[in-house]
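Asks: Shown below is the structure under consideration.
Please treat every number below as a calculation from the coordinates, not as lab data. Quick caveat: nothing in here was measured; it's all calculated off a predicted structure. Note: ideal-geometry Cβ built from the backbone for every residue, glycine included; neighbour counts use all protein chains shown.
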Ligand code: F6P
């Protein structure tokens, strides 16, 4: 192994830069050469390789986004796109590739690995929805961002005695909603893993009003329904002053938290070590407080499990 390349793919996540820094510095520490691929899989197909040195990743450990840029790439789903990517890797003498991204990115990683290019994956998505790992880079920062925003919304909800429905990201997973809802004392947390009963949501708002609490926070994961529709339903059924806030892409930005920086640094270095040891076709993960690695196959067979005990605890505390 002489030359390793690194790229970020799919939706960006805070901590990706920290992981890129860790990969680049670890490769150089091992005395090997390292390249960055710009613009994710699209850049791989086009051959957007840039040589990286120690200075290329200076001053990025604390920055959100990804200095290598990222894309969602339809072209890689075609056989021609995949062949083109493999050709580019060969032409640039790349011996090993590290892909930082979500589950779509790992499908691509598996294809490249199966076709002869040793590849290691690092889970990076705010959704925390990747099978085979309890944690993916960016989740902690996104939850903190959502909590900060919801706390601010609560201030005005209290002043105006309003009910707020707050929609958070997560694609098909409810992890961000669950954590943000628990940490902000939401009256209801609506997640795809459980679904919801409109009567229950309304009853919980009314229960609060009965004891004189005229503001409520309802956190909805985007994967279960539209915040606007749920807000409309509450308005019609209760006539309470109800507003809807969609937090959207602000959850993907910002400086990575200390936890994200710690995990990203460790995962980045581990990915390099695995390649150098001659391992391939693996995703670095985090389980029971420790770094692990699992094959792309195993990771895709496992289901991503949300901790429903948190959901039930949150319901019992917001009464
Ligand atoms: O996967 C991360 C994520 O932010 C999801 O939570 C969200 O559904 C999606 O990406 C949004 O994607 P885009 O940035 O392409 O609109």
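Asks: Using every alpha carbon pair in the stretch 1-109, what percent of pairs falls into each 10 Å bin from 0 up to the bin containing the largest distance?
Replies: Per 10 Å bin, starting at zero, the Cα-Cα P(r) for the stretch 1-109 comes out as 16, 50, 30, 4 percent.
Asks: Taking the Cβ of each residue in 283, 233 as the centre, tally the other Cβ atoms inside 10 Å and list the residues starting with the fewest.
Replies: Values: 283 30, 233 16.
If I rank by nearby Cβ atoms, fewest first, I get 233, 283.
Asks: Let me ask you something else. What is the distance in Å between the Cα centres of the stretch 34-59 and the stretch 70-142?
Replies: Between the Cα centre of the stretch 34-59 and that of the stretch 70-142, the gap is 14 Å.
Asks: Between 50, 217, 99, which gets the highest mean-square fluctuation from a Gaussian network model of the chain, Cα cutoff 10 Å?
Replies: Highest fluctuation of the listed residues: 50.
Asks: Could I ask something else about it? List 63, 211 from most exposed to least, where exposure is judged by having the fewest other Cβ atoms within 10 Å.
Replies: By the 10 Å Cβ count, ascending: 211, 63.
Asks: State the Cα centre-to-centre distance between the stretch 212-230 and the stretch 289-318 in whole Å.
Replies: 23
Asks: So how tilted is helix 79-91 from the main axis of the chain? Cα-based, degrees 0 to 90, rounded to 10.
Replies: For helix 79-91, the angle is close to 50 degrees.
Asks: Determine the relative contact order of the chain: mean sequence separation of Cα pairs under 8 Å and six or more apart, normalised by residue count, in whole percent.
Replies: Relative contact order here is 23 percent.
Asks: Taking 8 Å as the Cα distance limit and 6 or more residues as the minimum spacing, I'd like the relative contact order of the stretch 139-252 as a percentage.
Replies: 39
Asks: Further question: Counting only DSSP beta bridges with both residues in the chain, tell me the antiparallel percent, nearest 5. Present the calculation step by step, with values, prior to reporting the outcome.
Replies: Values: 10 of 41 bridges.
Approximately 25 percent, going by the DSSP bridge assignments.
Asks: When the distances between all Cα atoms of the stretch 95-238 are binned every 10 Å from zero, what whole-number percent does each bin get?
Replies: Using 10 Å bins, I get a P(r) of 12, 35, 26, 15, 8, 4, 0 for the stretch 95-238.
Asks: Note the angle between two axes, namely the Cα long axis of helix 227-238 and the longest principal axis of the Cα atoms of the chain, as a number of degrees from 0 to 90, rounded to the nearest 10.
Replies: Compared with the principal axis, the helix lies near 10 degrees.
Asks: Could you work out how far helix 308-317 tilts from the main Cα principal axis of the chain, as a 0 to 90 degree angle to the nearest 10?
Replies: 30
Asks: Can you bin every Cα-Cα distance in the chain into 20 Å intervals starting at zero and give me the percent of pairs per bin, rounded to whole numbers?
Replies: Histogramming the chain at 20 Å steps yields 33, 48, 18, 1 percent.
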